[in-house]
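Down below is the structure, laid out as structure tokens.
The values are calculated or read from the model by the stated rules, or taken from the named source; none is laboratory data. These numbers come from a predicted model, not from an experiment. Counting neighbours? That spans all protein chains shown, and the Cβs are built from the backbone with ideal geometry, glycine included.
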Amino acid sequence: MPLQPLPLPALHASHAGSWHRAANGETEGLSKGQAVMAAADTPHLIMNAPLIATRLGYPDLSGLDLLELFAFVHPAKFCVPTPKGLAHALDLEEPEDGAQVPEFLQLAAAQLLEHCEVEDWAEREGACSVLQSLAKLRWAWAPVVAPHIRQPKTAEKWLFSKLPEWQEAPERPQPAQLTLGEDRILGQLEELTGAAAERRDGQRDYASAVGNIFAPREKKARPHVLLAEAGTGIGKTLGYLAPSSLWSREAQGTVWVSTYTKNLQRQLRAESRRAWPEERPDGSRPVVVRKGRENYLCLLNLEDAVQGGFGGRAAILAQLVARWAAFTQDGDMIGGDLPGWLGTLFRNRAIKSLTDQRGECVYAGCPHYRKCFIERAARASAQADLVIANHALVMVNAARGRDHAQRPTRIIFDEGHHVFDAADSTFSAALTGQEAIELRRWIIGPERGSKGRRRGLSARLADVASYDEAGGEAIEAAREAAHVLPSEGWLGRIAENAPSGEIETLLAAVRAITYARDESGAADAGYGIETEAAGLEGNFVELAQAAAQALAAIRHPLIRLGVRLEAMLEEAPDWLDGQGRARIEGARFSLSWRIDTLAAWESLLGRLGGPADPEFVDWLAVERGDAREFDIGLYRHFLDPMKPFANTVLEGAHGVMLTSATLTDRLAEGRDWSSAIARSGAPHIEVQPRVAEAESPFDYASNAEVLIVTDVKKGDLAGLAGAYARIIEASGGGVLGLFTAIRRLRAVHGRIADRLARAGLPLFAQHVDPIDTGTLVDIFRDDPRASLLGTDALRDGVDVPGESLRCVVMEQVPWPKPSILHRARRAAQGGSAYDDRIMRGRLAQAFGRLIRSRDDRGHFIVLSPAFPSRLLTAFPVGVSITRLSLDEALQRVAAGVSCKAGIEKEERQA
């Protein structure tokens with residue numbers, strides 16, 4: 001019997017229009033007003049409520065969201081959150097246009113409900129008990145789903161009782177010292193790529209070069225360092241996995257591969273299956289994806305949420321996350337197998353509240369410690385052959401690793417051109433209101449009247465305080481001293497010139513002096529403002545000294561507490577079991593982090609008013625967004641963050657590689673390795689790195705061209721919007737639009753989205769659509785007629801091969817932001833030449849989004865009447881570069897589309 005539509009009304013809205021279908025009727029088009037009235041009157045089947053609400057301009061929209069039902073029926077299953085994506089996930093025929101979507105929603109709902117009744121429903125376990133909880137929360141789907149969920153024969157186990165426990169394992173011994181022969185590396189590469197695969201000499205040379213970083217180290221603190229530039233399409237992932245897998249197998253050691261984007265982490269996980277099995281015979285995993293604690297579901301936070309800690313829609317989200325937790329591969333909530341769109345459906349930040357954002361973990365004191373996803377990942381990485389991580393985590397582990405097993409010694413930094421930025425963030429200090437209030441909560445606990453399980457130091461270490469008098473006194477002293485830190489409402493008090501305590505008083509002075517010195521006009525435009533931490537008056541310096549003393553009064557008892565915890569571990573009391581030791585070790589780690597933070601803040605304040613330290617750049621800032629202040633603070637960055645990177649990461653490593661398609665600066669006379677070497681950190685430890693390069697096998701000259709449009713005036717928003725609309729129309733979609741300012745992105749989107757939608761060309765945008773960036777890219781990749789507008793996050797790491805991306809448009813030359821930090825580095829590293837290196841790197845990265853496979857073709861367009869010729873070397877050699885009018889560019893784009901359509905037609909006929 002064919003699938004029958006679920007007899008409930010359905011509603012769909014897009015920039016192209018709105019459509020409604022009655023429970024047992026025909027589909028009709030509606031105006032926005034009519035659609036809003038229909039939605040307000042009766043709950044409808046909808047898909048992606050926040051997005052539909054944005055399209056209708058009706059923020060209170062609610063109904064029966066198909067994505068919520070999908071998350072219940074298929075937790076941990078991937079689905080692009082569009083009608084087309086849902087059709088593919090359910091193996092249904094996709095709707096051809098918006099008018100067919102309401103009927104499709106009825107069919108999709110019917111199929112999901114029907115699936116709940118099949119015998120082989122893989123996700124049946126736990127569905128009944130979660131549905132009962134959802135019904136109590138008045139989940140809109142509960143009465144619809146209930147008739148399709150049969151009662152289990154035996155009571156279902158609660159999530160926290162059925163999750164498997166991790167097992168302790170002995171620390172891995174030091175890896176064997178060996179040298180990899182080139183023949184063996186190439187043999188391993190052939191095994192991974194397949195004997196029948198096309199031989200790529202560039203990939204073979206690259207793999208051979210990577211093998212050198214696994215050779216035995218000759219001197220302490222002098223690792224083997226390799227800088228390897230590999231063009232797109234060279235196959236660099238398998239190129240470095242070949243020697244990595246060979247070395248890890250024979251040396252019994254761990255290789256860390258570090259990335260900057262989550263997309264590459266997913267790609268690496270898939271590629272690694274060629275070299276390693278999913279599981280070893282003992283059930284352990286040879287490949288582990290490792291992220292910071294804030295990425296994983298905290299089971300204690302989840303328990304609190306499902307037992308009343310969350311209310312309203314957030315409580316429904318918690319139940320759906322609990323459903324997911326029973327089927328997830330590793331508990332990764334940010335970029336893992338939790339749908340990226342799930343949190344945005346509920347229009348709140350509850351997803352982050354379910355992770356350990358504040359470093360408040362009680363470790364072995366947690367009832368779910370033995371089942372903790374975070375602890376499982378940490379232990380698995382200590383036993384793994386390959387750990388896939390991100391740049392920040394690798395740096396933190398190298399600097400603060402609690403044991404040798406967690407300290408990376410063989411490291412491959414993929415997306416190596418971002419290592420400088422990651423180090424800049426990792427080794428900086430920021431004394432801001434937001435950071436200070438979080439420290440207060442960590443020490444004292446939640447503000448009076450606030451909800452949730454958050455606890456302060458005295459609650460987390462109650463047994464220590466009762467056993468050890470000196471430890472208890474240190475905890476109480478830290479609590480008393482921490483009252484000087486900002487508390488709830490601090491921004492309001494500062495705005496009213498009524499700060500409380502030394503830190504708020506200092507931040508009020510920071511705000512006043514920053515506004516007084518501002519001459520950028522950024523404040524009037526709604527942007528953040530900043531000023532140098534120089535030429536400060538005596539009164540400001542006195543406030544900074546008072547704040548530093550207040551911070552020292554917090555740090556000293558924390559140090560004493562750390563000493564007492566260490567003493568307890570050395571002379572353990574009888575009641576201190578293995579779990580108790582683990583909890584105290586965890587507390588020591590958290591204490592060390594906070595003590596280091598306080599010391600960095602004190603150092604920053606101590607330098608104010610004195611001579612400038614040439615190693616650092618200090619400034620004051622008021623952070624603003626959407627024309628409102630959200631933070632105030634003092635900042636310190638290393639002038640060259642690769643110095644602490646070298647001291648903490650390189651010195652402790654035995655072999656390190658930085659690799660990227662855009663590692664070097666591209667000049668007319670060829671590649672310039674000098675900046676890449678300087679930004680590797682190697683010169684700081686007197687190591688001369690090896691360099692290697694492998695040219696892309698792609699025929700850029702035949703498959704791409706660069707068009708520099710000269711008649712779209714800078715500052716002309718109407719002209720800019722018109723240019724984007726016409727380019728997208730000429731290309732038939734498939735356009736990635738890159739902006740240097742969010743405000744211009746929003747303005748362009750607002751002017752052209754409806755126009756394009758009426759032509760059947762969907763337009764999505766960061767900072768406009770209520771969808772996370774990763775999901776936006778998934779939607780873009782899934783629909784060749786869609787286009788996507790975004791900022792820096794889309795310039796790097798977006799991998800959309802094929803028809804879905806055939807044109808990249810930059811709204812202007814990507815000039816560096818003229819910040820105080822940039823000005824200092826510019827002065828230290830060559831002035832305008834430094835700016836040019838940055839811009840060429842950004843252009844090269846943006847161009848790299850265009851051609852991702854041998855068959856890709858497309859146009860790279862820059863809407864700039866004054867594009868500097870010296871930047872043209874950013875593009876691959878041989879690519880046609882033409883300065884022309886917008887009309888001429890449109891003809892080229894349209895001709896390219898027609899030519900490609902003709903080629904594809906010939907191929908189909910053949």
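Counting the residues of the range 24-63 that are surrounded by fewer than 16 Cβ atoms within 10 Å (Cβ to Cβ) and of a type in the set (Phe, Trp, Tyr) gives 0.
I need the full set of residues from the range 599-612 which are touching a residue at least 60 places away in the same chain (Cβ under 8 Å) and within 22 Å of Ala398 (Cβ to Cβ), in order please. Within the range 599-612, Ala600, Ser603 qualify.
All conditions but one from (1) out of contact with any helix residue (DSSP H, G or I) (no Cβ under 6 Å at 6 or more places or on another chain); (2) part of a helix (DSSP H, G or I) apply to Gln167; the one that does not is (2). Checking the range 769-789 against the condition returns no match, with no residue being assigned to a helix (DSSP H, G or I), more than 29 Å from Gln267 (Cβ to Cβ) and assigned by TED's automatic domain parsing to the domain that holds Ala894. Among the residues examined, Ala305 qualifies as outside the structural domain of Ser590 (by TED's automatic domain parsing) and in contact with a Ser or Thr (Cβ under 9 Å, 6 or more places away or on another chain).
Hand me the list of strands (runs of 3 or more DSSP E) wholly inside the range 1-73 holding 1 or more residues that are within 38 Å of the chain's Cα centre (by Cα) and either within 30 Å of Arg124 (Cα to Cα) or in the same structural domain as Leu134 (by TED's automatic domain parsing) (or both). Let's see the steps before the verdict.
Working: elements: 10-14, 17-21, 27-30.
Filter on the range 1-73 gives 10-14, 17-21.
Taken over the range 121-159, residues that are in a helix (DSSP H, G or I) and within 21 Å of Leu64 (Cα to Cα) amount to 17.
Each row is one residue, and each column tells you yes or no for (1) β-branched (Val, Ile, Thr); (2) over 14 Å from Leu8 (Cα atoms); (3) surrounded by fewer than 22 Cβ atoms within 10 Å (Cβ to Cβ).
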position: Ala71; (1), (2), (3): no, yes, no
position: Lys77; (1), (2), (3): no, yes, yes
position: Thr82; (1), (2), (3): yes, yes, no
position: Pro95; (1), (2), (3): no, yes, yes
position: Phe104; (1), (2), (3): no, no, no
position: Ala110; (1), (2), (3): no, no, yes
position: Glu114; (1), (2), (3): no, yes, yes
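On the basis of being in a loop (DSSP other than H, G, I, E, B) and either at pLDDT 90 or above or within 24 Å of the chain's Cα centre (by Cα) (or both), does Pro644 make the cut? Before the answer, list the steps.
Numbers: in a loop (DSSP other than H, G, I, E, B): no; either at pLDDT 90 or above or within 24 Å of the chain's Cα centre (by Cα) (or both): yes.
No, not satisfied.
Restricting Ala723, Ala730, Ala741, Ala718 to residues that are within 22 Å of Ser864 (Cβ to Cβ), out of contact with any strand residue (DSSP E or B) (no Cβ under 7 Å at 6 or more places or on another chain) and crowded, with 19+ Cβ neighbours inside 10 Å narrows the list to Ala730.
For residues in the range 790-804 being touching a residue at least 60 places away in the same chain (Cβ under 8 Å) and hydrophobic (A, V, I, L, M, F, W, C), which is surrounded by the fewest Cβ atoms within 10 Å (Cβ to Cβ)? Walk me through how you get there before you give the answer.
Looking only at the range 790-804, we keep the residues that are touching a residue at least 60 places away in the same chain (Cβ under 8 Å), and these are 796-800, 803-804.
Checking the rest, the ones that are also hydrophobic (A, V, I, L, M, F, W, C) come to 798, 800.
Working: Val798: 26, Val800: 22.
So the residue we want is Val800.
Only residues that are assigned to a loop (DSSP other than H, G, I, E, B) and of a type outside the set (Lys, Arg) were counted across the range 188-234, and they come to 14.
Look at (1) surrounded by fewer than 20 Cβ atoms within 10 Å (Cβ to Cβ); (2) of a type outside the set (Phe, Trp, Tyr); (3) more than 29 Å from the chain's Cα centre (by Cα) and you find that Glu279 fails only one, number (3).
Applying a threshold of 8 Å to beta carbon distances and a minimum spacing of six or more residues, or different chains, the list of pairs starting in the range 349-377 at a residue that is free of Cβ contacts under 8 Å to residues at least 12 places away in the same chain and closer than 14 Å to Glu168 by Cα and ending at one that is basic (Lys, Arg) and buried (at least 19 other Cβ atoms within 10 Å of the Cβ) is empty.
For (1) in a loop (DSSP other than H, G, I, E, B); (2) of a type in the set (D, E, K, R), each residue gets a yes or a no:
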position: Phe327; (1), (2): yes, no
position: Asp330; (1), (2): yes, yes
position: Ile334; (1), (2): yes, no
position: Leu338; (1), (2): yes, no
position: Arg347; (1), (2): yes, yes
position: Ile351; (1), (2): no, no
position: Gln357; (1), (2): yes, no
position: Ala364; (1), (2): no, no
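Within the range 654-685, the set of residues being surrounded by fewer than 23 Cβ atoms within 10 Å (Cβ to Cβ), modelled with pLDDT of 90 or more and in a loop (DSSP other than H, G, I, E, B) comprises His654, Ala661, Trp673.
For residues that are among the aliphatic types (A, V, I, L, M) and under 17 Å from Cys79 (Cα atoms), scanning just the range 306-324, find the one that is surrounded by the fewest Cβ atoms within 10 Å (Cβ to Cβ). Only one residue fits best here, namely Leu320.
Conditions tested, residue by residue: (1) outside the structural domain of Glu651 (by TED's automatic domain parsing); (2) aliphatic (A, V, I, L, M).
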residue: Pro175; (1), (2): yes, no
residue: Thr179; (1), (2): yes, no
residue: Ser208; (1), (2): no, no
residue: Ala215; (1), (2): no, yes
residue: Pro223; (1), (2): no, no
residue: Leu226; (1), (2): no, yes
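Looking at the range 589-625 only, could you name the residues that are under 30 Å from Glu519 (Cα atoms), among the small types (Gly, Ala, Ser) and in a helix (DSSP H, G or I)? Don't jump to the end; show me each part of the working.
So the first thing to find is which residues in the range 589-625 are under 30 Å from Glu519 (Cα atoms), and the list is 600-625.
This time we only want the ones that are among the small types (Gly, Ala, Ser), so: 600, 603, 606, 609-610, 612, 621, 625.
Result: Ala600, Ser603, Gly606.
Specify the residue that is surrounded by the most Cβ atoms within 10 Å (Cβ to Cβ); the eligible residues are those in the range 466-486 that are of a type in the set (D, E, K, R) and part of a helix (DSSP H, G or I).
Kept after step one, since they are of a type in the set (D, E, K, R), are these residues of the range 466-486: 468-469, 473, 476, 479-480.
Adding the requirement that they be part of a helix (DSSP H, G or I) leaves 469, 473, 476, 479-480.
Numbers: Glu469: 10, Glu473: 15, Glu476: 14, Arg479: 18, Glu480: 14.
Looking at the filtered set, the residue picked out is Arg479.
Residues considered: Ile149, Ile185. Of these, the only one that is without any contact (Cβ under 8 Å) to a residue 40 or more places away in the chain and hydrophobic (A, V, I, L, M, F, W, C) is Ile149.
Can you tell me which residue within the range 152-182, out of those that are of a type in the set (Phe, Trp, Tyr) and touching a residue at least 60 places away in the same chain (Cβ under 8 Å), is nearest to Ala377 (Cα to Cα)? Can you show your working first?
Taking the range 152-182 first, the residues of a type in the set (Phe, Trp, Tyr) are 158, 160, 166.
Then keep just the ones that are touching a residue at least 60 places away in the same chain (Cβ under 8 Å); that gives 160, 166.
Numbers: Phe160: 18, Trp166: 9 Å.
Here the residue is Trp166.
Of all residues in the range 859-883, those satisfying the criterion of being crowded, with 16+ Cβ neighbours inside 10 Å, aliphatic (A, V, I, L, M) and in a strand (DSSP E or B) are Ile861, Val862, Leu863.
Results for (1) buried (at least 19 other Cβ atoms within 10 Å of the Cβ); (2) in a helix (DSSP H, G or I); (3) in contact with a helix residue (DSSP H, G or I) (Cβ under 8 Å, 6 or more places away or on another chain); (4) in the same structural domain as Ala741 (by TED's automatic domain parsing), shown as yes or no for each residue.
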| position | (1), (2), (3), (4) |
| --- | --- |
| Glu502 | yes, yes, yes, no |
| Ala548 | yes, yes, yes, no |
| Leu569 | no, yes, yes, no |
| Ala572 | no, no, yes, no |
| Ala587 | yes, yes, yes, no |
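A single member of Val777, Val808 is within 25 Å of Leu720 (Cβ to Cβ), touching a residue at least 24 places away in the same chain (Cβ under 8 Å) and touching a Lys or Arg at 6+ places or on another chain (Cβ under 8 Å), and it is Val808. When each of Val709, Val748 is tested for being in the same structural domain as Asp799 (by TED's automatic domain parsing), among the β-branched types (Val, Ile, Thr), over 24 Å from His767 (Cα atoms) and touching a residue at least 24 places away in the same chain (Cβ under 8 Å), the lone residue that passes is Val709.
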